[in-house]
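Below is one structure, written out as structure tokens, with a few remarks after it.
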Amino acid sequence: MKRRKFIQQTSAALIYTSFGTASLTSCTSNSKKHITILHTNDTHSQIEPFESNHHRYANKGGVARRAVAIEKVRLKNPNTLLLDAGDIFQGTPYFNYFGGELEFKLMSKLKYDVATLGNHDFDNGIEGFKKQLPHAAFDFVSANYDFSNTTLDTLVNPYKILVRDGIKIGIFGLGVELEGLVNKNLYKETKYLDPVEISQDMTRILKEEKQCDLIICLSHLGYKYREGINKIDDLTLAQKTKNIDLIIGGHSHTFLPKPTIIKNSEEKNVLVNQVGAYGINLGRVDFYFDSSKNKSSSGTTILV
């Protein structure tokens, strides 16, 4: 992208629309701490906005416009995290020419905090992904991909803990099963582990051992599969686990107008959200903590 064009896009006024909200409980007036989660998924190397004559996404998206939207939120709440649920690579010539370097550099400029891997992030092989990691000024997490016998060993951790305004936030990642979806020559000896079992381990560590106040799963499993397909999706994961507050999903390119609320194994509410693909939307979930760290939340989708 030419420098002049990028500056023009960044300077352009951003129009964004709230499609609706979902909440775990109503936000109380005595909430003292406010954590905002912004998130993307399946951006697929879509660096520029779609053309004005695009059949579906005319004049939507683009990294520059996303940057403006993110900055507006951060100005109002400095305790904001920016997360991604995978499939950063593949979809435009930017990836074919630069192999993911541009995507990681721009995400670093936008100050992403944590991301997980999608199946297309293996499209240049596990070595190709590793080659681009020096350009990523943020962490990748994946708990159910065992990279111990690969070149990514120790470079991708199961989880990351961040602290904002005294609130401890645990973030772990889950990936879709690669066998049958990705050529084995690309992911090498990466082992896929059961996402439900791994989530139980992660929430035990993050909740009980690390005493996290908020637990987020970055999932590239898919939102919901048709009946008869024997795969774990985000809705099933929410139902079968506990202590996850928010599942940020990817893979299925599901455009949700607002987060879905699901009861977990302890009949407590879990927010499940996904914002489609290609950077068209930016997800937003706000968590509020009272003096005893009791949580309430609301969620919305921003059209870029």
Restricting attention to region 225-240, does a residue exist that is out of contact with any Ser or Thr (no Cβ under 7 Å at 6 or more places or on another chain), charged (D, E, K, R) and within 30 Å of S292 (Cβ to Cβ)?
no
Just for strands (runs of 3 or more DSSP E) wholly inside region 213-304: which have at least 1 residues that are of a type outside the set (V, I, T) and in contact (Cβ under 8 Å) with a residue 40 or more places away in the chain?
214-220, 246-248, 269-273, 281-289, 295-303
Can you name the residue in region 244-268 that is out of contact with any helix residue (DSSP H, G or I) (no Cβ under 8 Å at 6 or more places or on another chain) and buried (at least 23 other Cβ atoms within 10 Å of the Cβ) and, of all such residues, is nearest to G173 (Cα to Cα)?
I248
All but one of (1) on the phi > 0 side of the Ramachandran plot; (2) within 18 Å of the chain's Cα centre (by Cα); (3) not charged (D, E, K, R) hold for Q211; state the number of the condition that does not hold.
(2)
Quick check on my filter: what residues within region 48-75 are part of a helix (DSSP H, G or I), in contact with a strand residue (DSSP E or B) (Cβ under 8 Å, 6 or more places away or on another chain) and of a type outside the set (G, A, S)?
R66, I70, V73, R74
Going through G166, G125, G86 one at a time, which residue ends up being small (G, A, S), farther than 17 Å from H44 by Cβ, touching a strand residue (DSSP E or B) at 6+ places or on another chain (Cβ under 9 Å) and modelled with pLDDT of 95 or more?
G166
Checked region 207-243 for anything surrounded by 19 or more Cβ atoms within 10 Å (Cβ to Cβ) and of a type in the set (G, A, S); matches are S219, G222, A238
Which listed residue is of a type in the set (V, I, T), over 27 Å from N230 (Cβ atoms) and in contact (Cβ under 8 Å) with a residue 12 or more places away in the chain, from I198, I169
I169
Determine if region 45-55 includes at least one residue that is at pLDDT 95 or above and within 23 Å of S297 (Cβ to Cβ).
no
What do you reckon, is L82 at negative phi, buried (at least 21 other Cβ atoms within 10 Å of the Cβ), out of contact with any Cys (no Cβ under 7 Å at 6 or more places or on another chain) and of a type outside the set (D, E)?
yes
Please determine, by comparing only the residues of region 116-163 that are basic (K, R) and assigned to a helix (DSSP H, G or I), which one is farthest from I215 (Cα to Cα).
K131
Where residues in region 277-297 are of a type in the set (G, A, S) and within 17 Å of the chain's Cα centre (by Cα), which of them is surrounded by the fewest Cβ atoms within 10 Å (Cβ to Cβ)?
A277
Of all residues in region 55-82, which are among the charged types (D, E, K, R) and under 13 Å from L282 (Cα atoms)?
K60, R65, R66, E71, K72
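The values are calculated or read from the model by the stated rules, or taken from the named source; none is laboratory data. Note that the structure is a prediction, hence the values are computed from the model and not measured. We place every Cβ from the backbone using ideal geometry, glycine too, and count neighbours over all the protein chains shown.
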